[in-house]
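Here is the structure we will look at.
The values are calculated or read from the model by the stated rules, or taken from the named source; none is laboratory data. Treat the numbers as computed from the prediction; the structure is a model and nothing was measured. FYI the Cβ positions are ideal-geometry reconstructions off the backbone, even for glycines, and counts take in every protein chain you see. We work out accessible area using only protein heavy atoms, side chains counted, and drop any ligands, DNA or RNA first. Shrake-Rupley method; radii C 1.70, N 1.55, O 1.52, S 1.80 Å.
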Amino acid sequence: MTILHNPALATPEKQQISLGFLPLLDCAPLVIAKEKGFFSEQGLDVGLSREGSWASIRDKVILGLLDGAQMLAGIPLASSLGLGSPKVPMVTAFNIGLNGNAITLSNPVLEEISTLTDQPMHSAEGLALLIQQRQESNAPKLTMASVYPYSAHNYLLRYWLSAAGIDPDNDLNLTVLPPTQMAQAMKKGQIDGYCAGEPWNLIAREMGVGSAVISGYEIWNNCPDKVFAVTRSWHDAHPASHQALLCALIQAAAWLDQPQHHEEALDLLLKPEYLGPALSILPREQLSLRTTCFFRYAASYPWRSHALWFLYQMQQSGQLNQQIDLKQVACQVYRPDIYREVAHAMRFPHPAIDCKPEGFHSQEWVLQGSGGAVTMGSDLFFNGATFDPNVC
Amino acid sequence: MNAAPHIQERVLVIDKDAARSALLEQALNDQGYEVVCRLDDTEGLINRVEQIKPDIIIIELDSPDRDVLEHMATLNTHIPRPVVMFAETGDSNTIEQAIQAGVSAYVVDGMSPDRIQSIMDVAAARFREFQALRNELDNVRNELEDHKQLDQAKRLIMKHQNCGEEQAYQAMRKMAMDQGKPMTQIAKNIISVLQMLD
C-alpha cells in the first residue's frame, strides 16, 4: 500500500465547507473523508448535502450555495462552455474513480437479436441488425437511456452504438432517466436499453427485465466517470481550502482502495444521511465497491486527455457546435497541476505529465512519475480504437 | 395591485406532493396565471411536456426528474430551459431565494424577466409556507410522542416501584435534574431499561 504523508499545508481560508453529492456508490470518497476524519485533520469542518439531481448540484455550485460537489465529468466542462447552463468556469483537480458503469438491454430485445445472429452480445452489431430489420418493417424506433446529457454514460453508450455503425441520433431515440427509474421503465416497455452505474444494472437482472451486455470497463478499460469540482472563482478565492479538500479526498481514495476496508465503507455509506434510503431496496450483499477503482492506477488524477476525450464526444454528439480550441478548455477546467502540488506535499508517486494516449495498453504498465514509478492500468477500447490527445 | 397579466403563460407544476401543488396552483391563479397541468407522477414525462407545451415548468428542486428536463432542454430551442440560465439577465437573487426554498423552474426563451421573477416569487413563498406548515405538524407530532413516552415511563416506574403517580413523576424529575438531561430523554432511558426487566 502507498504510504501517504500528512503534509503541512497552508491554513484554509474557509473552514466551514458545504459539499454536494448524489446517493450513488461513488460518492464514497466524500463520505469517507468526512466519516474517517480526513477533512477535520486538514482543519476543515465539512457538511455533506445530499442532492436529488445533477441539475440541482450544478445550480447550487454556480450560485455558491455549495462550495463544491461530486459531478459527472461532463458537467464542469459543459458549465465552463455555457452548454445547458450559464457560462460559469469550473475546475477539477480530482477524479472520482474509474469504471463502474454498464449497458443493459431488455429481454425482448436480447431475444430478437438472438434470432438474427449468434454474434456475442457485447458488440452492438446484433443490435444494428435488429434496428435495420425494424426500419424495414416500419416498426417504431428503439429507445435507450442514459442518466444525463453531459455524462460518461451518454458518451460510452453513443460510442458503443456508433462502433457498430448505428447512428445514435437517427436510428434510435436516446433519452435521459434517473438511474432509479431505469429498470422500472424497462419493465413497462418504455425503454429498450440503458447505460447506468451499478447497482442499477444488477436490478434489471434481479427484476428479470434485462441483462447487462457490456460493462463500461469493457468499452474503455479504466475510463473516468465523475470528478470533484468547484467554480474557478471559488478556487481563486480559496486555494488553500481547495488543497486541504484534495488532500483529504486523496486520503479517502487511498483508504477505499484497500479491499479490507470495503465492509466498513459500506456501513458508513449506508447510513441514513447518505445512501441508506436510496439503496434500501437492495440486499446488502449485492452492493460492492469493487467495480470502481479509486486510487490505484492514478485513478484520482485529473488527466487532461480524459477531458479532451469528453470534449471530443461532445463535438461528435452535436452538443458542442462552436469551433473552439478543445485543448485550451481542457487545460482551464482540468487542473493536474493543483493535484501535483498536493501529491508532492503528501510524498506519494504521481504522474508528472498532463495527458496520456488511450487504447495502447492491454495490461498494467509503468509510468515514470514524480517521486517514483506509478503503476497504470490497461486503457483499451473494446473496438481496438486509440485516442491520441495530440491529434484532436 | 395585482393586474391580470397581458399574456397568459402556460404553467406546468411538477410536484409529487399533490397538496403543495394545489396550494401553489391556487396562489398562481390568484395572481392571474394559468396552471395548465399539475403532475404528481412523472411517468412518460418527455411526452407529457411535449403535449402540454408549457411556457414555464415549476418543479421541486430535489426532483430526480430535473435531469430528464435538462436532456429535453438540449434537444430544441422551444423547450423550457433551466431557470439558472436566466440568472445573468434577470434577478439572480430571486432565483437563489427560490432554490433555497426548494423550487426550481424551466422557462422558454422570450419570457420576460419580470414574469419569471413574479412566478418564482409566488412559488418560493408557497413552498416556504408549506414547509412551515409541515414543520409545525412535525412539532405537534413530536410533542404528542413525547407525551406518550413520559406517560409510559411513569407507568413502568409505578409498576416496578409499586408507587403512586405523583411519586413516579417526582422520581423522573429528580433523575432529569441530577443527570442534567431533558425529561423526554430520561423517559426513553427508563422505558428501554425497565422494558428489559418485564
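Mean per-residue shielding of peptide B:97-104 is 2, counting Cβ atoms of other chains within 10 Å of each Cβ. Given points 7 Å out from each Cα along the Cα-Cβ axis, report the B:Q161 to A:Q16 separation in nanometres with one decimal. Output for this residue pair reads 4.3 nm.
Enter the mean number of other protein chain beta carbons within 10 Å of the beta carbon of each residue in A:143-155, as an integer. Mind showing how you got there, number by number?
Numbers: counts 1, 0, 2, 2, 4, 4, 7, 3, 1, 0, 0, 1, 0.
Other-chain Cβ atoms within 10 Å of each residue's Cβ, averaged: 2.
Which shape class applies to the range B:142-197: rounded if a/c is under 1.5, otherwise prolate when a/b exceeds b/c and oblate if not, where a ≥ b ≥ c are the square roots of the Cα gyration tensor eigenvalues? Judged from the Cα gyration tensor, the range B:142-197 comes out rounded (a/c under 1.5). What is the list of residues in the range B:25-57 whose amide nitrogen lies under 19 Å from a point 7 angstrom out from the Cα of B:Q8, following Cα to Cβ? Within reach of a label on B:Q8, which here means backbone N under 19 Å from a point 7 Å along Cα→Cβ, the range B:25-57 contributes B:25-39, B:51-57.
Compared with the dominant principal axis of the Cα atoms in chain A, helix A:125-136 is inclined by about 50°. Remark: relative contact order (the range A:1-121) = 22 percent; criterion is Cα-Cα distance under 8 angstrom and separation of 6 or more residues.
Report, in deg cm²/dmol and to the nearest 500, the calculated mean residue ellipticity at 222 nm for chain A, where each DSSP H run with n ≥ 4 adds -39500 (n - 2.57) and the sum is divided by the residue count.
Numbers: 17 runs with 148 residues, N = 392.
That calculation yields -10500 deg cm²/dmol at 222 nm.
Once the Cβ-Cβ distance of A:S137 and A:K187 is raised to the sixth power relative to R0 = 22 Å, the FRET efficiency obtained is 0.35.
Note on chain B: with a GNM built from Cα contacts shorter than 10 Å, the maximum mean-square fluctuation among B:K181, B:K154, B:K16 falls on B:K181.
Given axes a ≥ b ≥ c from the Cα gyration tensor, I'd like to know whether the range A:101-219 is rounded (a/c under 1.5), prolate (a/b larger than b/c) or oblate. Don't skip to the end; give the middle numbers.
On the way: a/c = 1.39, a/b = 1.27, b/c = 1.09.
Rounded, because the longest to shortest axis ratio a/c is under 1.5.
Going by a ≥ b ≥ c, the root eigenvalues of the Cα gyration tensor, does chain A fall in the rounded group (a/c under 1.5), the prolate group (a/b larger than b/c) or the oblate group? Before the final figure, lay out the partial values.
On the way: a/c = 1.70, a/b = 1.52, b/c = 1.12.
Prolate shape, in that a/c is at least 1.5 and a/b is the bigger ratio.
For the peptides B:161-170, B:112-121, A:185-194, the ranking by mean Cβ contacts within 10 Å, running from highest to lowest, is A:185-194, B:112-121, B:161-170. Summarising the strand pairing of the range A:101-219, around 60 percent of its internal DSSP beta bridges are antiparallel.
Taking Cα atoms only, the orientation of helix A:107-116 departs from the longest principal axis of chain A by about 60 degrees.
Per-residue mean of foreign Cβ neighbours for B:41-48 is 3 (Cβ atoms of other chains, 10 Å radius).
With a cap of 14 neighbouring Cβ atoms within 10 Å, and only residues DSSP puts in a loop, list the GluC sites (Glu not before Pro) found in the range A:252-358. List each step's numbers first, then the result.
Values: sites: A:E263, A:E264, A:E273, A:E285, A:E341, A:E358; in loops: A:E273.
Counting only loop positions with at most 14 other Cβ atoms within 10 Å, the GluC sites (Glu not before Pro) in the range A:252-358 are A:E273.
Over the C-alpha trace of the range B:10-136, radius of gyration and Dmax come out as 13.4, 43 angstrom. Extension gain for A:S280 to A:Q323 (0.36 nm times residue separation, less C-alpha to C-alpha distance): 10.9 nm. Comparing mean-square fluctuations of A:I353, A:I324, A:I32 from a GNM of chain A with C-alpha springs under 10 Å, the top value falls on A:I324. Cross-link list A:K271/B:K154; A:K87/A:K226; A:K34/A:K327; A:K87/B:K16: which exceed 23 angstrom alpha carbon to alpha carbon? Pairs exceeding the cut-off: A:K271/B:K154; A:K34/A:K327; A:K87/B:K16. Highest mobility in the GNM of chain A, judged by mean-square fluctuation with C-alpha springs under 10 Å and restricted to A:L249, A:L30, A:L81, is found for A:L81. Computed over the range B:73-128, relative contact order equals 39 percent, with contacts defined as Cα pairs under 8 Å that lie 6+ residues apart.
From its DSSP helices (H runs of at least four residues, each -39,500 (n - 2.57)), chain B gives a residue-normalised ellipticity at 222 nm of -20000 deg cm²/dmol. Restricting the GluC sites (Glu not before Pro) of the range B:35-84 to loop positions (DSSP other than H, G, I, E, B) with no more than 14 neighbouring Cβ atoms within 10 Å leaves B:E43.
Quick one: of the DSSP bridges fully inside the protein assembly as shown, what percent are antiparallel, nearest 5? Provide the component values of the computation, followed by the final result.
Details: 37 of 61 bridges.
Close to 60 percent.
A Förster radius of 45 Å, combined with the Cβ-Cβ distance separating A:R347 from A:E206, puts the computed FRET efficiency at roughly 0.50. Calculated on the alpha-carbon coordinates, the convex hull of the range A:251-392 measures out at 172 cubic angstrom per residue. In this structure, B:E145 and B:S112 have a Cβ-Cβ separation that, at R0 = 45 Å, corresponds to a calculated FRET efficiency of about 0.40.
Could you work out the relative contact order of chain A, using alpha carbon pairs under 8 angstrom and six or more residues apart, expressed as a whole percent?
Numbers: 744 pairs, mean separation 92.8, N = 392.
After rounding, I find 24 percent.
How large is the accessible surface of A:D169 in square angstrom, using a 1.4 angstrom probe and rounding to the nearest 10? We get 80 Å² for A:D169.
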